[in-house]
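Structure, as structure tokens:
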Amino acid sequence: MAVNQISVFLENRPGALMEMCDVLTKNSIDLRALSLSEANEFGIARILVDDVLEASTVLKDAGFVNSFVPVVAISIPDTPGGLASILKILTDAGVNLEYMYAFVGREAGSAYMVFKVADVETAESALSQKGLNSVDQEQVKEL
């Protein structure tokens, strides 16, 4: 049930992110979430989009190296300690968290966290046992 994040490698120069976004825009691809990290000569844009296969194809055709990465996306409680409760579930299950980022949904008060974990299956199972269901790829279109 994991969501496929697209990791896009970008040159670390002015305009590189804008060029990637232009490709998505010109192809009517809805960018739902974005995280950007950088190193000296390159950056990595981690994105969730409404149409993963189309986005990957048009980015590749435009010269952007990209790959799919399975991640866990989940709605988090909009209360103090909401994130901490999710992190406790993952910690108790022995799930190693590699990185995370957040995005908001279209409905007021809806927030989502994206977790890159070493073991997606264990993470989703632990969350499910606590009554929390992760978002699947089809649901990303609606968020």
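Throughout, read-outs are computed from the coordinates displayed, never taken from laboratory work. Being a predicted model, the structure only gives us computed values, none of them experimental. In this analysis, Cβ positions are derived from the backbone assuming ideal geometry, glycine residues included, and neighbour counts consider all displayed protein chains.
Here are the numbers for the structure shown:
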{"quantity": "Karplus-derived 3J(HN,Hα), 6.51/-1.76/1.60, for each residue of the stretch 22-37, Hz, glycine and proline x", "calculated": "4, 4, 4, 4, 5, 10, 6, 9, 8, 7, 9, 8, 8, 9, 10, 10"}
{"quantity": "When the convex hull of its Cα atoms is projected in every direction, mean area for the stretch 16-80 (nm²)", "calculated": "5.9 nm²"}
{"quantity": "Net dipole in debye of the chain [+1 Lys, Arg Cβ; -1 Asp, Glu Cβ; about Cα centre; nearest 20]", "calculated": "240 debye"}
{"quantity": "Length-normalised contact order of the stretch 3-69 in % [C-alpha pairs under 8 Å, at least 6 apart]", "calculated": "47 percent"}
{"quantity": "As computed over the stretch 1-141, the Cα convex hull volume per residue (Å³)", "calculated": "120 Å³"}
{"quantity": "Gap separating the Cα centres of the stretch 84-131 and the stretch 23-50, nearest whole Å", "calculated": "21 Å"}
{"quantity": "Set of lysines with alpha-carbon distance to residue 116 below 16 Å, sequence-local pairs under 8 removed", "calculated": "88"}
{"quantity": "Label-point separation, residue 38 to residue 92 (7 Å along Cα→Cβ), nm", "calculated": "4.0 nm"}
{"quantity": "Reach of residue 141 by Cα under 19 Å, taken over lysines that are not fewer than 8 positions away in the same chain", "calculated": "26"}
{"quantity": "Added length on full extension, which subtracts the Cα-Cα distance from 0.36 nm per residue, residue 133 to residue 9", "calculated": "41.6 nm"}
{"quantity": "Computed helical MRE - 222 nm, the chain, DSSP H runs ≥ 4 contributing -39500 (n - 2.57), nearest 500", "calculated": "-9000 deg cm²/dmol"}
{"quantity": "Cβ-placed point charges (K, R +1; D, E -1), dipole of the stretch 71-140 about Cα centre in debye, nearest 20", "calculated": "200 debye"}
